[in-house]
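None of the figures in this text is laboratory data; all of them are computed from the coordinates on show. In this text, all values refer to a predicted model and were calculated from it rather than measured experimentally. Glycine also receives a Cβ, built like all others from the backbone with ideal geometry; neighbour counts cover every protein chain displayed.
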Amino acid sequence: MANEIGIDLGSSKTVIFADSKVVFEAPSIVTVDSETYAPVYFGEKAKQTLGRTPDTLECIHPIQHGLIADYDIAQAMLKNYMEKVFGKNVIRPKVIATLPTGLTELQHHSLSNVVEDAGGRSVTVIEAPVAIAVEMGVDFTVPKGSMIVDIGAGTTDIAVLSLGGIVSCDSFKTASYNFDDIIINHVRRKRNIAIGALTAENIKIQIGSVSPRPIEITAIAKGRNLFSGLPEAFEITSGEIYKKLHESALTICNAIRKVLEQTEPDLVADLKEKGLFLVGGGSKIYGMAELIESYTGIAVRTVEEPEYVLVKGAAKALNQPGLLKNVNYQARSIKELEIH
């Protein structure tokens, strides 16, 4: 059993990293009994019940916009996931968990408690941009600016790091889930068809784009006709949803600009030379990197499997504590949080 693990408890999915690999990932969704609130399904089984539950069941997203929205359900979910990976072993793993930047001590403490109650020990929390910088090999201990943009499911984190700390940052709620909502609203308004979150997500993955595609592509989906109430299949093109998705992506671009406006000119000059690092599952939508680069004038650096960079960086920081040694940034343990 791994004694040291990294956990990304995200709005969309929970990822556990140990022994130099992703050992578990599942949707951060729990289906509960409507009366007793007792968990019935976790993860993928729970996700498949979205929009399909009877009155006796309810789908819960215990993590919303990167924060603990339902403590008890989040704890039960994470405990279930950890037991699936490690079993009910007496040896509790040492854990480092990630959370968005700019949060309060109380929010740090809440995450630490959830992880500890789920079976972790010596729990440490680290802010997402720092974990990402560690995994990307960015030396943020030197007097040079480095920028991280992490587009997750429920939250986009933007941060400039220098001399071991976060110089300027923003964490806001325009992220990948917004693209799903845009598609749902578009189909409802233009087709008079209601579709669910899973269908919208599939459309986004298949044909979604925030920049024009050289060749228009289509997807076939199914929903409920708002007038007849009957099921109806329809065809949707990448071109018809591009403009709306583009507008939402510009919100992210504007947020990047605002962080740059809060940053010292010399650090911004460093970014022009080094570029910015774009990660997170939302960064995979077609044209996102190109849009940010054209909007900011800063080169965008991407990686394969951007959705795993965060949890990999957290595990690396835990396994190599010297990476954060002698810098201004300090990962906080649950004991340190309790003192404050």
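Descriptive notes on the structure:
- Peptide ranges 222-235, 189-202 listed from the most packed, as the mean C-beta count within 10 angstrom indicates: 189-202, 222-235
- Net charge, S211 excluded, C-beta distance under 14 Å - Lys, Arg +1, Asp, Glu -1: 0
- Ranked for footprinting exposure by Cβ neighbours inside 10 Å, fewest first, D270, D181, D8, D72 give D181, D72, D270, D8.
- Convex hull volume per residue for the chain, taking Cα atoms only, in Å³: 135 Å³
- Protection proxy ranking, peptides 9-17, 126-134, 211-219, average beta carbon neighbours within 10 Å, highest first: 126-134, 9-17, 211-219
- Subtracting the Cα-Cα distance of V142 and H246 from 0.36 nm times their residue separation leaves 33.9 nm of extension gain.
- Taking 0.36 nm per residue of separation and subtracting the current Cα-Cα distance, fully stretching the chain between T36 and L57 would add 6.6 nm.
- Residues L250, L276, L78, L271 arranged by fewest to most Cβ contacts within 10 Å: L250, L271, L276, L78
- Neighbourhood charge, 14 Å Cβ-Cβ cut-off, centred on K144 and excluding it, Lys, Arg +1 and Asp, Glu -1: -3
- Interchain or long-range residues, amide H under 5 Å from T14's placed H: A26, S28
- Across segment 1-136, Cα pairs under 8 Å and at least six residues apart give a relative contact order of 23 percent.
- Cβ-defined net charge surrounding V300, 10 Å radius [Lys, Arg +1; Asp, Glu -1]: -1
- Computed packing ranks the peptides 50-57, 252-259 as 252-259, 50-57, most packed first, by mean other Cβ atoms within 10 Å.
- Two-site FRET efficiency, V303 against K274, from Cβ-Cβ distance with R₀ of 22 Å, rounded to 0.05: 0.90
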